[in-house]
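These notes are about the structure you will find just below.
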Amino acid sequence: MITEIYCVSGISGVDDHEFISSGENVRLSCNNALSDCKSTGWIYTNGFRRSAAVELITKGIKKKDTERHERLSLESDCSLNIKNVTEEDYGSYTCQQYVNDRLQGPDVNVYLHVLHVSPSSSSSSSSSSSSSSSQTEIRPGRSVTLSCQLYSDYGYSCGDRVRSEGVELLWVNQAGVDLKTDSRYQILSSSDQYHCIITLTTTLLNEDNNREWRCQLTHSNQLKTSVRYTVKYSAVISTTATTLTPDTTAISLSQVIVTIVEMAVFAAPTVILLQIICARRAGE
């Protein structure tokens, strides 16, 4: 199922910008497509990695030697679908049209920005992912840090985007309240040439079990995408002596009762026999 994605257009000519959370599906539009997708090609580049351009689609056919092969598909309108997006998928996707091996019309560039959350904890934990959240099994009293990062490949620094375009990352609770207003959370923001990062650090409480926090990406005060994170504690089974005491006591009492009964059963014939002997002696 393709998740609805918000597009920011007009930032750089006719280029498009897609914001998506990791684990979701995205559809990249090809606005210069001809009537037949057999003339369509899609190319991927990533300036941060300084890697060579990778052909994903050539003449409407998927290239089989790419890492994304199984997750890619071409729509009837020549749009490119990417399933289960990862933080490795961020970068520039270019749609081109060729007729008789000649490039036709202008290229269409779509910049894919991926929002991703990664947890870390002072205790050993195991994690699993769902469609829009990740859960980690940890215990109350332990400190946990969640790092939310926007992976981008777009020409100038995250700080420049924040100032000029109003791009912002926030940690909020289930009610949408900014966690910077709560003193139990430490929220830190940082950035480099390409990536915006915001971290949340807190000490877990008993009532945090199944609590949800969200990292949100806003653009000009409008929500673009978010990643949910849910805390789930492990179930602990107690095997202490206190737990076993009631059972042990019951068993001991049962054994005492059985012993008394056995003594009564075997003692009765003995008492009767002694009475008979005493009566005979008295008669003599």
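Computed from the coordinates by the stated procedures, all read-outs in this text should not be read as laboratory data. Source: prediction; values computed, not measured.
After finding the eigenvalues of the alpha carbon gyration tensor for the range 37-127, what semi-axes result from the square roots of 5 times each, listed largest first in whole Å?
32, 14, 11
The alpha-carbon of Lys224 sits under 24 angstrom from the alpha-carbons of these lysines, leaving out residues fewer than 8 places away in its chain: Lys83, Lys180.
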